[in-house]
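Remarks on the structure that follows.
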Amino acid sequence: MARKYWLVKSEPDEFSFDDLKKSKNKTTYWDGVRNYQARNFLRDEMKKGDLVLFYHSNADPLAVLGVCEVVKEGYPDHTQFDPDNDHYDPKAAPENPTWIMVDIKFKQEFKNPVKLDAIKSNAKLKNMKLIARGNRLSIMPVTKEEFEEIIKMGSPSLALP
DNA sequence: GCCAACGTTGGC
DNA sequence: GCCAACGTTGGC
């Protein structure tokens, strides 16, 4: 199976790219996704070794900060069972979890964060879901071509395996 | 802070 | 199963 490419959004006030870099083993579990379409990506399609663009939403600047990698495939998001957690879901049952998370690991920080404006004005990126009208998905697939173009804009010298 | 767009909920 | 109401997202 060929490697897939993704983009995840995070509000840096909640969890920033820097927070990921400072996490233990530069790895975190991607909890709190409560959208079925995004859940299906987490559960069915994100595989170990897939590469992920890390985007800051509701932020200044609005930009892709760098790249991380899926290091653990979909497993139950424990926060759905925790009444004290903001993402608690009273309808979720441990024997049949509704919500799924993966683990991602920091891989590369861009020299130049790739700003939303730059993405919008790049003709090669005009079909990115990120800039589609009304898009609210927090996890979305990115094509190989789009991924490579973003890399080129962010860290021209970076060679990816 | 505004508001358009979208997903979810719940009454019928 | 429809759809109005509501809550959330996220750029501006």
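Are there strands (runs of 3 or more DSSP E) fully within segment A:60-161 with at least 1 residues that are in contact with a strand residue (DSSP E or B) (Cβ under 7 Å, 6 or more places away or on another chain) and within 16 Å of DNA strand B (Cβ to nearest atom)? List them. I'd like the intermediate steps shown before the answer.
On the way: elements: A:63-76, A:100-115, A:139-142.
Ranges flagged: A:100-115, A:139-142.
Within the set of pairs 6 or more residues apart or between chains, which connect a residue that is of a type in the set (D, E, K, R) inside segment A:7-24 to a residue that is surrounded by fewer than 21 Cβ atoms within 10 Å (Cβ to Cβ) with Cβ atoms less than 6 Å apart?
A:Lys9/A:Ser57; A:Lys9/A:Ser138; A:Glu11/A:Ser57; A:Glu11/A:Asn58
Mind counting the residues in segment A:81-137 that are within 19 Å of A:Ala38 (Cβ to Cβ) and among the hydroxyl-bearing types (Ser, Thr, Tyr)?
So the count comes out to 2.
Does A:Lys72 satisfy the condition of being open to solvent by 70 Å² or more (accessible area, probe 1.4 Å), within 16 Å of DNA strand C (Cβ to nearest atom) and not polar (S, T, N, Q)?
Values: open to solvent by 70 Å² or more (accessible area, probe 1.4 Å): yes; within 16 Å of DNA strand C (Cβ to nearest atom): no; not polar (S, T, N, Q): yes.
So A:Lys72 does not fit the description; no.
Among A:Asn85, A:Asn135, which is the only one that is out of contact with any Phe, Trp or Tyr (no Cβ under 8 Å at 6 or more places or on another chain) and under 25 Å from A:Glu45 (Cα atoms)?
Working: A:Asn85 fails: under 25 Å from A:Glu45 (Cα atoms).
Sole residue among the options that is out of contact with any Phe, Trp or Tyr (no Cβ under 8 Å at 6 or more places or on another chain) and under 25 Å from A:Glu45 (Cα atoms): A:Asn135.
Among (1) modelled with pLDDT of 95 or more; (2) open to solvent by less than 60 Å² (accessible area, probe 1.4 Å), which single condition is A:Thr79 missing?
Only one criterion in (1) modelled with pLDDT of 95 or more; (2) open to solvent by less than 60 Å² (accessible area, probe 1.4 Å) is unmet by A:Thr79, namely (1).
Condition first: more than 13 Å from DNA strand C (Cβ to nearest atom), open to solvent by 40 Å² or more (accessible area, probe 1.4 Å) and of a type outside the set (S, T, N, Q). Now tell me which residues in segment A:106-128 satisfy that.
A:Lys107, A:Glu109, A:Lys111, A:Pro113, A:Ala123, A:Lys124, A:Lys126
Do we find that A:Thr143 is within 15 Å of the chain's Cα centre (by Cα) and either surrounded by fewer than 19 Cβ atoms within 10 Å (Cβ to Cβ) or within 23 Å of A:Leu20 (Cβ to Cβ) (or both) in this structure?
On the way: within 15 Å of the chain's Cα centre (by Cα): yes; either surrounded by fewer than 19 Cβ atoms within 10 Å (Cβ to Cβ) or within 23 Å of A:Leu20 (Cβ to Cβ) (or both): yes.
So A:Thr143 fits the description; yes.
Determine, yes or no, whether A:Leu53 is in contact with a Leu (Cβ under 7 Å, 6 or more places away or on another chain), part of a strand (DSSP E or B) and touching a residue at least 12 places away in the same chain (Cβ under 8 Å).
Details: in contact with a Leu (Cβ under 7 Å, 6 or more places away or on another chain): yes; part of a strand (DSSP E or B): yes; touching a residue at least 12 places away in the same chain (Cβ under 8 Å): yes.
Judged against the criteria, A:Leu53 is a match.
Please go through segment A:1-16 and give me each residue that is outside any loop (DSSP other than H, G, I, E, B) and within 25 Å of A:Asp82 (Cα to Cα), ordered by number.
Step one: of segment A:1-16, the residues outside any loop (DSSP other than H, G, I, E, B) are A:5-10.
Result: A:Val8, A:Lys9, A:Ser10.
Those residues that are within 12 Å of DNA strand B (Cβ to nearest atom) and open to solvent by 10 Å² or more (accessible area, probe 1.4 Å), I need them from segment A:34-59; list them, please.
Our first condition is that a residue be within 12 Å of DNA strand B (Cβ to nearest atom); within segment A:34-59, this holds for A:34-40, A:57-59.
A:Arg34, A:Asn35, A:Tyr36, A:Gln37, A:Arg39, A:Asn40, A:Ser57, A:Asn58, A:Ala59, listed by residue number.
Within segment A:129-146, which residues are farther than 17 Å from A:Asn58 by Cβ, among the aliphatic types (A, V, I, L, M) and either within 11 Å of DNA strand C (Cβ to nearest atom) or at pLDDT below 95 (or both)?
Going through segment A:129-146, the residues farther than 17 Å from A:Asn58 by Cβ turn out to be A:129, A:132-133, A:141-146.
Add one more test, that the residue is among the aliphatic types (A, V, I, L, M), and what stays is A:132, A:142.
Within segment A:129-146, just A:Ala132 meets the criteria.
The values are calculated or read from the model by the stated rules, or taken from the named source; none is laboratory data. In this text the structure is predicted, and so the values were computed from the model without any measurement. With ideal geometry, Cβ positions are generated from the backbone for all residues, glycine too; neighbour counts draw on all protein chains shown. With ligands, DNA and RNA removed, areas are computed over all heavy atoms of the protein, side chains included. Shrake-Rupley method; radii C 1.70, N 1.55, O 1.52, S 1.80 Å.
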